[in-house]
1. ³J(HN,Hα) across the range 131-141 via Karplus (A = 6.51, B = -1.76, C = 1.60, θ = phi - 60°), whole Hz, x for Gly/Pro?
2. At what distance in angstrom do the alpha carbon centres of the range 32-59 and the range 151-177 lie from each other?
3. Once phi is turned into θ = phi - 60°, what whole-Hz ³J(HN,Hα) does the Karplus curve with 6.51, -1.76 and 1.60 give for every residue of the range 85-96, x standing for Gly and Pro?
4. So, R0 is 30 Å and r is the distance between the beta-carbons of Ala34 and Leu78; what FRET efficiency does that work out to, to 0.05?
5. HN-Hα J couplings of the range 40-46 from phi, Karplus 6.51/-1.76/1.60, θ = phi - 60°, integer Hz, Gly and Pro as x?
Amino acid sequence: MASQPSKEDWPVWLRLDAVAFRRLHRWAQEKEDAKLAHQMRGHQLSVDYYKADRPERFFLSLWWLFGNYGLSLWRPLLWLLLSFAILVDLLLWCGSVPGVDQIASAVGPPGGGAADGWRRVLFGDDMSAQLARAVVGATESIFSPVNVFSTRKLVVPSAPWVAVFQFFYSYLCLGLIFLFGFSIRRRFKI
């Protein structure tokens, strides 16, 4: 924006300042128009991005990239699915091993049953076992981000750099789930 000579060359939404969007946001809240209030808050943040200092600008750009300032319900979920697919591919290509003991997973109720065998799919060298380990390893990181510090993981990557990627992936997924929740909360005034 600094390279453009005058404010008339700026896009229309940037000619309005953050105060104007803040007032529109407050007016829409008073009129109980949640959708308009939600949009005005997002536009206010997009204007604030250009006026922010460097550290704040970094976080605002991440918020825009992963959630469009809370205006997009689907952007965090699409990033979550994309990162899930990337980790599954990494675990398939670089390999993984089960983190649980095969004997412990075979122990179940005396009569057998469903609890007896779901971990059995993690053992083996065939493609179905590798795919099961990749999906379980990627899913485990989403639902239990603290599990990256545990010694009782279900799936352990063979390559150390994939384990480092899995560490960052688990916290990225946690952040994306929060961004999705925040956008739902903002959109539906929950």
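1. 5, 4, 5, 5, 5, 5, x, 6, 6, 4, 6
2. When both Cα centres are located, 32 Å separates them.
3. Karplus values, whole Hz, x for Gly and Pro: 5, 5, 5, 4, 4, 4, 5, 6, 6, 8, x, 7.
4. Numbers: r = 23 Å, r/R0 = 0.78.
That gives a FRET efficiency of 0.80.
5. With the stated coefficients, the range 40-46 comes to 5, 5, x, 5, 4, 5, 5 Hz.
Bear in mind that the values in this text are calculations on the coordinates, not laboratory data. Computed from a prediction, not measured in an experiment: that's the story for all the values here. Note that we place each Cβ from the backbone using ideal geometry, even for glycine, and neighbour counts take in every protein chain shown.
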